[in-house]
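Below is one structure, written out as structure tokens, with a few remarks after it.
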Amino acid sequence: MSVKQYIDLKRQMGQHLLAVLIDPDKPLRFSSGELDGADLIFLGGSTGALSPLFIEQIRALTHRPVVLFPGNLNQLATGADALLFLSMLSARNAEVLIGQQVAAAAAVKASGIETIPMGYILIDGGRVSSVQQASHTQPIPASDTEQIVATALAGELLGHQLIYLEAGSGAAVPVALDTIRRVREAVSVPLIVGGGITSPQAMRAAWQAGADIVVIGNYLEQHPDELKLFCR
């Protein structure tokens with residue numbers, strides 16, 4: 001079963017997913033078996049490189065699907081189950097909309113990795129995020145729900161198979177629940193939400209608002225022992 005089929009099956013069964021985002025530039029704080037409490041493992045960050053050796057280390061810790069979530073071309077590596085081939089739809093910077101994708105296309109095709117097209121939307125989370133700094137882009141204001149919804153809908157109409165609403169790593173404020181609901185009403189593809197989610201209650205609220213997958217990264221980097229609290 002492909003990773004996309006796995007996501008779709010879980011969704012058809014009415015099950016929500018937890019993805020743990022691991023930044024290769026940060027110390028790895030999880031031990032064998034702990035990550036199996038999540039449903040997906042995302043690997044990537046805004047800067048730095050990702051090596052096949054690091055992917056092997058992660059795969060040795062978990063039986064869950066390992067998915068590349070690259071922030072740059074240096075985070076394309078072999079050994080993962082799938083690649084989120086993202087386009088930053090909130091940006092007006094051609095490099096992150098299509099430039100890096102063009103540069104990576106031949107290598108991605110040659111690798112044979114499962115590739116999932118994803119529309120990525122950066123929303124203001126109350127502080128300047130590493131994504132904003134690395135991409136040299138501005139997030140959509142959190143108050144501009146109409147623009148967020150229209151951007152998500154455009155992403156689906158362009159053929160993206162996933163839509164990701166991102167408040168940014170370590171966001172002071174997560175994506176608003178009403179925004180999640182409005183986007184969920186507008187698009188039919190699986191919806192991912194991340195940034196600033198720091199409690200199981202906030203995770204469940206995002207699910208109930210319409211997120212199919214909630215991503216937690218920065219908080220668990222700082223509090224790895226709390227992963228079990230997020231796992232059902």
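The values are calculated or read from the model by the stated rules, or taken from the named source; none is laboratory data. Just so it is clear, the structure is predicted and the values come from calculations on it, not from any experiment. In this analysis, Cβ positions are derived from the backbone assuming ideal geometry, glycine residues included, and neighbour counts consider all displayed protein chains. Accessible surface areas use protein heavy atoms only, side chains included; no ligands, DNA or RNA. Shrake-Rupley method; radii C 1.70, N 1.55, O 1.52, S 1.80 Å.
Is there a residue being within 21 Å of Phe85 (Cβ to Cβ), in contact (Cβ under 8 Å) with a residue 60 or more places away in the chain and not in a loop (DSSP other than H, G, I, E, B) anywhere in region 181-188? Break it down stepwise before answering.
As a first pass, look at region 181-188 and keep what is within 21 Å of Phe85 (Cβ to Cβ): 183, 187-188.
Retained after the next criterion (residues that are in contact (Cβ under 8 Å) with a residue 60 or more places away in the chain): none.
No, that holds for no residue.
Note down all Cβ pairs under 8 Å where the first residue falls in region 17-30 and is within 17 Å of His63 (Cα to Cα), the second is part of a loop (DSSP other than H, G, I, E, B) and of a type in the set (A, V, I, L, M), and they're at least six residues apart or on different chains.
Cβ pairs passing all conditions: Leu18/Ala38; Ala19/Ala38; Val20/Ala38; Ile22/Leu28; Phe30/Leu61.
Is region 220-227 home to any residue that is in a loop (DSSP other than H, G, I, E, B) and open to solvent by 20 Å² or more (accessible area, probe 1.4 Å)? Spell out the reasoning first.
Start the filter on region 220-227 by keeping residues that are in a loop (DSSP other than H, G, I, E, B), which leaves 223.
Next cut, open to solvent by 20 Å² or more (accessible area, probe 1.4 Å) only: 223.
Yes: one or more hits.
Tell me which of these Ile197 doesn't satisfy, since it passes every other one: (1) assigned to a loop (DSSP other than H, G, I, E, B); (2) closer than 25 Å to Asp36 by Cβ; (3) open to solvent by 50 Å² or more (accessible area, probe 1.4 Å).
(3)
Restricting to region 1-16, and then to whatever is under 15 Å from His63 (Cβ atoms) and assigned to a helix (DSSP H, G or I), can you tell me which residue is farthest from the chain's Cα centre (by Cα)?
In this case the residue turns out to be Tyr6.
Which of the residues belonging to region 1-31 are open to solvent by 70 Å² or more (accessible area, probe 1.4 Å) and closer than 16 Å to Leu220 by Cα?
Asp25, Lys26, Pro27, Arg29
Applying the selection to region 77-112, what residues are in contact with a Pro (Cβ under 6 Å, 6 or more places away or on another chain) and among the aliphatic types (A, V, I, L, M)?
Across region 77-112, the qualifying residue is only Ala77.
Among the residues of region 32-43 satisfying the criterion of being in contact with a strand residue (DSSP E or B) (Cβ under 6 Å, 6 or more places away or on another chain) and assigned to a loop (DSSP other than H, G, I, E, B), which is surrounded by the most Cβ atoms within 10 Å (Cβ to Cβ)?
Here the answer is Ala38.
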